[in-house]
Amino acid sequence: MTQISQRGKPAILICSEPFAMLAKGQARIDGVPNLAMVQIDHPLGGMNSAIVHERVEQATPQVLAHLRSMFAL
């Protein structure tokens with residue numbers, strides 16, 4: 001995501017809670033400290049489709065808010 005953002009392309013990182021601090025640190029190291037990030041509940045891997053759908057529902061408002069601010073919608 002940081003490479004995409006560095007190229008001037010809109011990017012939003014979606015990660016689960018245990019990886020948020022790592023992702024923020026890596027973005028800072030990569031020179032993109034303000035990388036847009038959406039945090040979802042953990043875990044995601046190995047979950048059934050109903051739980052994945054819940055995570056999508058959880059992330060959608062945050063993703064839309066980031067998109068609105070990126071594109072001044």
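A short reminder: the numbers here are calculations on the coordinates, not readings from a lab. Fair warning: this is a prediction, and the values are worked out from it, not measured in the lab. Ideal geometry is used to build each Cβ from the backbone, glycine not excepted, and the neighbour counts take in all protein chains shown.
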Within segment 27-71, how many residues are within 13 Å of the chain's Cα centre (by Cα) and either hydrophobic (A, V, I, L, M, F, W, C) or assigned to a helix (DSSP H, G or I) (or both)?
18
Taking Gln6 as meeting all but one of (1) surrounded by fewer than 12 Cβ atoms within 10 Å (Cβ to Cβ); (2) touching a Gly at 6+ places or on another chain (Cβ under 8 Å); (3) not acidic (Asp, Glu), write down the number of the exception.
(1)
Any idea how many residues of segment 2-26 are within 19 Å of Val56 (Cα to Cα) and either more than 12 Å from the chain's Cα centre (by Cα) or part of a loop (DSSP other than H, G, I, E, B) (or both)?
2
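If we keep just the residues of segment 31-73 that are of a type in the set (Gly, Ala, Ser) and loosely packed, with under 10 Cβ neighbours inside 10 Å, which is nearest to Gln3 (Cα to Cα)?
Going through the qualifying residues, I end up with Ala72.
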